[in-house]
Amino acid sequence: VSTQSTGSILVIFFCSSSLPLLKMSPTPISVFLENLLRKVEGLEAIVLSDSGHPILSVPAESDISDSGTASTYCMVSEQANKLGLGKNKSLVVQIDQQIIVAFNESPIILSFIGTLNLNVGLILSMTDTLLAALKPIQEQFNQN
Amino acid sequence: MDEQFDRAFSQIAAQPGVKGVLCADSLGLCIKESGFAASRSSGFVTAISTLAQKLADSDSIYVNPIVTIETDKTTVLIQQHDGIVTAIYKSE
């Protein structure tokens, strides 16, 4: 397990404040994530979670889950922030035959789930862009 | 343990015309960088070499093409070998 502790040009419109995991017409964020899914080698699914509960998943029909990483990561992140190294931004973890890269704008967690061939470096290079994209979503959830 | 690697890396970086060198692993994570090369490019370098392999010969995993990217000021040479991707940044 490795954690990375440490802003952007991407603007995301988030259409609804309470989204159960369901099939819906493509939102800008799901289109953005689906594009990423196609471009990154080894990437199988992307899950957006609120306090561990998935609210958006691409591909929509996928049964690939993050094995509970998102819910545990919220707790890990609280502890990681106490290491005196700054605010925890991301987590990379290998579980069995999966690699999961998760970005933290607590309580919003964006998880990238992939095979052991996943290009982790490519996803981590987008850290600042992705965190900036999650900010408005986090603010939306904090308001509700 | 990595003295041999460090020595070889330094030799390449010291070559005339070489502005930077980057070594990344198959996960796109930086192993070593020097000069002009930035560790945040590791993911891109690995992605380029993986795609080039597919382009060169989709049936074989043993093909290791050399990718050359030329810009106005820099030429970047990228090749993967035994799971390690090396990128050499050269001046024009």
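The values are calculated or read from the model by the stated rules, or taken from the named source; none is laboratory data. Keep in mind that this is a model prediction, so the values were computed, not measured. Because the Cβ atoms are built from the backbone with ideal geometry, glycine has one as well, and the counts that use them run over all protein chains shown. SASA here: full protein model, heavy atoms, side chains in, ligands and nucleic acids out. Shrake-Rupley method; radii C 1.70, N 1.55, O 1.52, S 1.80 Å.
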Can you pull the percent of the protein assembly as shown's accessible area that's carbon plus sulfur, 1.4 Å probe, other chains left in place? 54
Cα-Cα pairs in the protein assembly as shown separated by more than 25 Å, as a whole percent of all pairs, come to 48
Taking amide H atoms as placed 1.01 Å from N in the peptide plane, list the residues 5 or more away in sequence, or in a different chain, whose amide H sits under 5 Å from that of A:GLY52. A:ILE109
The ³J(HN,Hα) series, computed from each phi in the stretch B:29-36 with the Karplus coefficients 6.51, -1.76 and 1.60 at θ = phi - 60°, rounded to the nearest Hz and given as x for glycine or proline, is 9, 6, 8, 7, 9, 8, x, 5
Report the accessible surface area buried between chains B and A, summing both sides, using a 1.4 Å probe on protein heavy atoms only, in Å² rounded to the nearest 100. 700
Amide H contacts of A:GLU105 (H built 1.01 Å from N, under 5 Å, at least 5 apart or other chain): A:LEU110
Taking max minus min of the Cα coordinates of the stretch A:44-144 on each principal axis, largest first, gives extents in Å of 32, 31, 23
So what's the gap between the Cα centers of the stretch B:27-92 and the stretch A:77-136, to the nearest angstrom? 24
Solvent-accessible area per residue, Å², over the protein assembly as shown with all protein chains present [probe radius 1.4 Å]: 55
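Distance cut-off 20 Å, Cα to Cα: go down the list A:LYS89/B:LYS32; B:LYS19/B:LYS73; B:LYS32/B:LYS90 and report the pairs above it. Intermediate values should be presented prior to the final figure.
Working: A:LYS89/B:LYS32 23 Å; B:LYS19/B:LYS73 11 Å; B:LYS32/B:LYS90 17 Å.
Table pairs above 20 Å Cα-Cα are A:LYS89/B:LYS32.
For a protection proxy built on the mean count of beta-carbon atoms within 10 angstrom, sort B:1-9, A:90-98, A:107-115 highest first, please. Don't skip to the answer; put the middle values down first.
Details: B:1-9: 10.2, A:90-98: 15.9, A:107-115: 22.3.
Peptide ranking by packing, descending: A:107-115, A:90-98, B:1-9.
Within 10 Å of each candidate Cβ there may be at most 15 other Cβ atoms; applying that plus a DSSP loop requirement, which GluC sites (Glu not before Pro) in the stretch A:34-121 survive? Don't skip to the end; give the middle numbers.
Values: sites: A:GLU34, A:GLU41, A:GLU44, A:GLU61, A:GLU78, A:GLU105; in loops: A:GLU41, A:GLU61.
Hits after loop and neighbour filter: A:GLU61.
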Tabulate in residue order the Karplus-calculated ³J(HN,Hα) for the stretch A:39-47, using 6.51 cos²θ - 1.76 cosθ + 1.60 with θ = phi - 60°, rounded to whole Hz; enter x for Gly and Pro. 8, 9, 5, x, 7, 10, 7, 10, 10
Paramagnetic reach from B:ARG40 (point 7 Å along Cα→Cβ, amide N under 18 Å) across the stretch A:68-89: A:87-89
Non-local amide H neighbours of A:ASN119 (under 5 Å, H modeled in plane, Pro and chain starts lacking H): which ones? A:GLU41, A:LEU43
Calculate how steeply helix B:3-13 sits against the longest principal axis of the alpha-carbon atoms of chain B, using the helix alpha-carbon long axis, and give the answer as 0 to 90 degrees to the nearest 10. 80
Note on the stretch B:24-39: residues buried by at least 50 Å² of accessible area once partner chains are added (vs chain on its own, 1.4 Å probe) come out as B:LEU27
